[in-house]
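The values are calculated or read from the model by the stated rules, or taken from the named source; none is laboratory data. Values in this document were obtained by computation on a predicted structure and should not be read as measured data. Every residue, glycine as well, gets a Cβ built from its backbone with ideal geometry; the counts of neighbours run over all protein chains shown. SASA here: full protein model, heavy atoms, side chains in, ligands and nucleic acids out. Shrake-Rupley method; radii C 1.70, N 1.55, O 1.52, S 1.80 Å.
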Amino acid sequence: MGSKVISSAKEFYNILRSLQDEESNKLCIYEEDIQMLKMNGDRIPVLNMYCGNQPVFICEKAVPKINEPDDQQMSETSNCTDDDADDNALQRELGPQPLTIMKARQLLSWYTLSQNANVSGVDNNSALHPLWVRCDMSDPARTTWFGAETVCMGNKVSGVKLYSVTCRGSTVDKKSLITLDELKQEHKKRQPSSSMAIKGSARFSLFGSTVVENTLIESQSSVTVDFKWSHVESILETPPLSSTATLNIKVSSGDMRSPMYEMYRELEFLQTLADGLRTGETEWMEPLESTSAVNLTKAFLEELQGTANTLQDQAPKTTAPTKTKTETDTRIFNSFLERGDLDFVEQLWVRMRKSVTSYQDIGDCLKLVTEALRYGDIKPWIHRDSSSSLSKLILQSYHQQIDHVSLTGVTPVHMLLEMGLDKMRKDYINYLIGEELTTLNHLCYYLSTEVDRQEQVIRLRKLHHLLEIIVTCSTFLGLPYDRLFLLTQSCLQHYKTFSYDEEHEFKLQIKPALISHFYQKEQPLVWEAEVSSGHGPREVRTSIQLSDRPLVDHVIFETDDPNEIVNGDSEDPAFFSTMVCCSLVNFA
């Protein structure tokens, strides 16, 4: 019997070892009904605190095959293959499936035996990644995960840590929750020690999805804050002001609540032009103006001609370009990015981006403008640093010499794209420099015109996303200047290296007092107390996590009341309870 167990442990080790050595994360089928995969521990919420982003093995029940060939039987105990599309689709539909408690215990025992060189017949094997097994919660303790992790002294495995994760369904009865004393006693059962440390942590939502009249209004943007503190005194206590606090900021462009929404629409039109040039196909946005683009352009040119005729009879008092009353009265920061110093090309862009619906529109509008310049009907002013093709034609018109431009093919689209890039870059500079959040030197990467236009659009999107983040934290959270400055530098540095990604969470250290009015009367998304003893790799921890939703996705939880809507409009929030216990097993 013993030799059979050791043989099974060796076989199990070999499979895990081959999976560990694989560079790709292939799915491995074991004993026909168990699938094993390698992934980073931070992808599973309940494992994140213990594993972080280190690789772990996950064992779970295999998804049944959709089509099994009649003439082909599995001759091997294990079969590591590339992901099958149909099986993956079924996996996504069913979700991860747990193994029985008995099977999970068996896998953990094989893992432990294979790492113990003191067991007769077991080789001195190298350390494996941690193993975590999904469980069906069928035991009295309601176990949802079993885990094992090697403990090493130098290059030698000296023991393992064994983990168990037990869960309780949601409840609004806080008296039924475990107490701090009970948590300490649970820890002492597995690790008798006179010295214990107790730490607390919690996560609160500051901005994101909201519930209005029992209706959840979803938002892709979220700002949460993580607190950590020592000397926990009671379960669900509010984090003290002495806590360390870190904001987790994830902002998606296009949120209609954002002051940046109109700027986002403008950027989307710019992206439409760029995509059309790249693919040859353009899906035009719904026009925001009822008047056609050509008529808007004609009216704009006539307005300029009228203004020019009026000013001809007046002696100029300055060489600076004269602005209309509307422009003069408009504050530079009328809104977050609205400027009062738009030049001719920028004002033309504003009109065209709200009205054009075809390439023909763009060509016709630019033809009207170039003819007015050629015949001297208008003498528009432009910013000194304007770099678009149309700006260059305007500069030439000052000297009555204009190059011929063939407004055919995609040339008008290129010209309009340049106009938009030029205008929007100035919008972003205006805000960032005006608010003293950065300098032009730090913006060189984002403002460069040396790269092709497609890359210029990508960098502009990065800059826009940065502004969405800053404006969200400024408007909704009221963060002070020093925090906004630090966040700006962090975002600028990140996007110089990494691609555009709205799922990325930016981190920002903050003093709890700055946001205390947001969270002190709110309920946490997750609240945790952790008791620990020992040091380094021999540290043992016992923790309780209370959360507004389950941290385990492979079992179904019950609630206290079948008619209860979990965390709806009730004043008393419901909490799911997750306890993680750890035991240290030393190899003699």
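Of note:
- Strands (runs of 3 or more DSSP E) within the range 119-184 that include 2 or more residues open to solvent by 20 Å² or more (accessible area, probe 1.4 Å) and more than 23 Å from L236 (Cβ to Cβ): 143-153, 156-171
- Under the condition of being farther than 23 Å from V172 by Cβ and loosely packed, with under 14 Cβ neighbours inside 10 Å, the residues counted in the range 514-530 number 1.
- With respect to the conditions (1) open to solvent by less than 60 Å² (accessible area, probe 1.4 Å); (2) of a type outside the set (S, T, N, Q); (3) in a helix (DSSP H, G or I), D341 falls short on a single one, namely (3).
- Selection within the range 266-303 - in a helix (DSSP H, G or I), free of Cβ contacts under 8 Å to residues at least 40 places away in the same chain and either among the hydrophobic types (A, V, I, L, M, F, W, C) or within 14 Å of V457 (Cα to Cα) (or both): E268, T272, D275, A299
- Count of residues meeting criterion [of a type in the set (K, R), within 33 Å of the chain's Cα centre (by Cα) and closer than 16 Å to L128 by Cα] in the range 3-49: 2
- Whichever residue in the range 185-195 is modelled with pLDDT of 90 or more and of a type outside the set (D, E, K, R) and, among such residues, is surrounded by the fewest Cβ atoms within 10 Å (Cβ to Cβ): Q185
- With a requirement of 2 or more residues that are modelled with pLDDT of 95 or more and under 19 Å from the mean Cα position of the chain (by Cα), the strands (runs of 3 or more DSSP E) lying completely within the range 460-565 that satisfy it span 506-510.
- Y428 open to solvent by less than 10 Å² (accessible area, probe 1.4 Å), part of a helix (DSSP H, G or I) and touching a residue at least 40 places away in the same chain (Cβ under 8 Å): yes
- Residues located in the range 362-410, provided they are charged (D, E, K, R) and either assigned to a loop (DSSP other than H, G, I, E, B) or exposed (fewer than 11 other Cβ atoms within 10 Å of the Cβ) (or both): D377, K379, R384, D385, D403
- Only one of T224, T166 that is touching a Leu at 6+ places or on another chain (Cβ under 7 Å) and either modelled with pLDDT of 90 or more or basic (K, R) (or both): T224
- Within the range 274-309, being within 21 Å of L342 (Cβ to Cβ), hydroxyl-bearing (S, T, Y) and either open to solvent by less than 50 Å² (accessible area, probe 1.4 Å) or under 40 Å from the mean Cα position of the chain (by Cα) (or both) holds for T291, T297.
- Restricting Y50, Y13 to those that are part of a helix (DSSP H, G or I), modelled with pLDDT of 90 or more and of a type in the set (F, W, Y) reduces the list to Y13.
- Filter pass, F333 being at pLDDT 90 or above and among the aromatic types (F, W, Y): no
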